[in-house]
Amino acid sequence: MDHALFYLSIPFAIIAGTGAGLLALLSWRIFRESPFGMTIGLLVIVMSAATIYHTVLLTVGTESTGLRAFRAAIYTILALTIWVVILQNNTIQSRVSRNEEL
């Protein structure tokens, strides 16, 4: 029974991750001209890469050196996303303090 549930979870994870990635991509297309458009775009990349990583990890069962490098790249993009959010927040705060229009 455990094996059947495990093998049913793989297609579910692929479908759910693909749906989430597509919805995130659509959100980026709507908000790409906003102050946080780049952040949403980076999160689309992180979400899609994380879906691919976890699907391969579920399928293979063990983490190889290539998967570790892929995971490190995901974390690097996530750190870049957080850095962009901080920069955007500082820009917005400085504009508000000078009473400029966003």
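The values are calculated or read from the model by the stated rules, or taken from the named source; none is laboratory data. Quick caveat, the model's predicted, so the values are computed rather than measured. Heads up: the accessible areas ignore ligands, DNA and RNA and are worked out on the full protein's heavy atoms, side chains in. Shrake-Rupley method; radii C 1.70, N 1.55, O 1.52, S 1.80 Å.
Rolling a 1.4 angstrom probe over the protein heavy atoms, how many square angstrom per residue are accessible across the chain? The partial results should precede the final answer.
Working: 7450 Å² over 102 residues.
Value for the chain: 73 Å² per residue.
Please give the calculated 222 nm ellipticity per residue for the chain, where each DSSP H segment of at least 4 residues contributes -39500 (n - 2.57) and the sum is spread over every residue; nearest 500 deg cm²/dmol?
My calculation for the chain gives -30500 deg cm²/dmol from helical runs alone.
Based on the Cα atoms of the chain, what semi-axes does the equivalent ellipsoid have, where each is the square root of 5 times one gyration tensor eigenvalue, given in whole Å with the largest first?
Values: eigenvalues 254, 51, 15 Å².
Over the Cα atoms of the chain, the semi-axes work out to 36, 16, 9 Å.
With axes computed from alpha carbons, what is the tilt in degrees of helix 37-60 against the longest principal axis of the chain, rounded to the nearest 10 within 0 to 90?
With both axes taken from Cα atoms, the answer is about 10 degrees.
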